[in-house]
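For reference, the structure is listed below as structure tokens.
Every number in this text was worked out from the coordinates using simple rules, so none of it is lab data. Bear in mind that the values here come from a model prediction, so they are computed numbers and not experimental data. Cβ sites come from the backbone with ideal geometry, for glycine too, and all protein chains shown count toward neighbours.
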Amino acid sequence: MEATHVQAAQGNGSSKRNLDAASTHYQLLSPTKTGHEQVLCLARGACHNKILTCPSQCSERKPKHNKKHKGCFIDCSSKCEVTCKWRKANCDGYGSLCYDPRFVGGDGVMFYFHGAKGGNFAIVSDDDLQINAHLIGTRPEGRTRDFTWVQTLAIMFDSHTLVIAANRVAQWDDNVDALSIKWDGQAIEIPTEGNAEWKAESGEREVAVERTDNTNSVKVTVTGLLEMDVRVRPIGEKENKVHNYQLPAGDAFAHLETQFKFTGLTDQVEGILGKTYRPDYVSPVKRGVPMPMMGGEDKYKTPSLFTAACKVCRFQRKAAALATI
């Protein structure tokens, strides 16, 4: 049986409770004669013991070529349905972190966060989970603030640290992997053949990193905590000119685009993104302006990528763990 994952609800601001684990509580069956994957739903409710089959438009849950084929998403909750979706971060979706940097919170409200180049900030800080981001950036002459992008994410839980980073590259090439991943300080390689995934067992949790394209795109799952779709992308020449970034030559400014889905966050969760998942959260940003800004740099800045020492951080290690970029 597959590991059971819980996805965060994606509704409006009044509906932020996690979906029942029923959504992915199923047993994988043998494919149909035409190669369509199918499952037996195990969760209680209207979908119990029903068989759901992936349609022709997306016959596999994990297609080998993500750019060309959508994945089959199976929902054994009361929806009892299968849908076809691209397996990549949706920068306009709930829980996304993209661009320079732009967030869409758990309440569906979009906002920007200034930060500072070279700085580290707490994206999520909760009892069992800490996610920090390291920013790269540049400040053109005459500008009072940096342009910044997320280069690295450190996901800390229990005694472990998973690091996902965009490598610095002078010239961007879609066919070259610019993604680096470390597990407890050791570099790991994600296979490109077969299931194209790496797994580790961590107590009751399973950690999986799966390629969702040939290069620069992965899905990360930590059971009981989160799912995240991550892609590395550069700043192109056209984008550079349109936004007047004035990027220096010899650096494509490769950075991460990410969409998170959380499981079991507490009502006191903190962090730039994390606090937007509080059930009583009301966004302070101005709506209807081109770039609504979220303040709080002083509250969320951490001394390093691997500490939860910000002013409002909640996470504490269960045991000592060291990691390096």
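I need the shape label for the range 209-274. Rule: rounded when a/c is under 1.5, else prolate if a/b > b/c, else oblate, with a, b, c from the alpha carbon gyration tensor.
Oblate, because a/c is 1.5 or more while a/b does not exceed b/c.
Take the Cα of E204, step 7 Å along the line toward its Cβ, and report every residue of the range 107-144 whose backbone nitrogen sits under 11 Å from that point.
none
Take the range 21-85, drop everything but the C-alpha atoms, weight them equally and run the Debye formula without solvent; then report log10 I(q)/I(0) at 0.27 Å⁻¹ to two decimals.
Debye intensities relative to I(0), on a log10 scale: -1.11.
Rounded to the nearest 500, what is the chain's calculated 222 nm mean residue ellipticity when only DSSP H runs of at least 4 contribute -39500 (n - 2.57) each, over all residues?
For the chain, the value works out to -500 deg cm²/dmol.
Evaluate E = 1/(1 + (r/R0)^6) for N214 and K117, where r is the Cβ-Cβ distance and R0 equals 30 Å; express this FRET efficiency to the nearest 0.05.
With R0 = 30 Å, the Cβ-Cβ based efficiency is 0.50.
Using 0.36 nm per residue, how much length does the chain from V285 to T192 gain when fully extended, once their Cα-Cα distance is taken away?
29.3 nm is the gain from fully extending V285 to T192.
Which of the three applies to the range 116-271, rounded, prolate or oblate, going by the alpha-carbon gyration tensor with a ≥ b ≥ c and a/c under 1.5 meaning rounded?
Note, shape of the range 116-271 comes out oblate.
R0 = 56 Å: FRET efficiency of R168 with L42, Cβ-based, nearest 0.05?
0.75
What does the extension gain come out to for V242 and D177, with contour length at 0.36 nm per residue minus their alpha carbon separation?
Full extension from V242 to D177 adds 20.8 nm.
Suppose the chain between N49 and Q268 were pulled fully straight at 0.36 nm per residue; how much longer would it get relative to their current alpha carbon spacing?
75.2 nm
Hey, what D do you get for the chain in µm²/s if you plug the Kirkwood alpha-carbon radius into Stokes-Einstein at 4 °C and 1.567 mPa s?
In µm²/s, the coefficient is 63.
Quick one: what are the phi-derived ³J(HN,Hα) couplings along the range 298-308, Karplus 6.51/-1.76/1.60 with θ = phi - 60°, whole Hz, x for glycine and proline?
Here the 3J(HN,Hα) series is 5, 6, 10, 6, 10, x, 8, 5, 10, 10, 10 Hz.
For the chain, what does the relative contact order come out to in percent, with C-alpha contacts under 8 Å and a separation of six or more?
After rounding, I find 19 percent.
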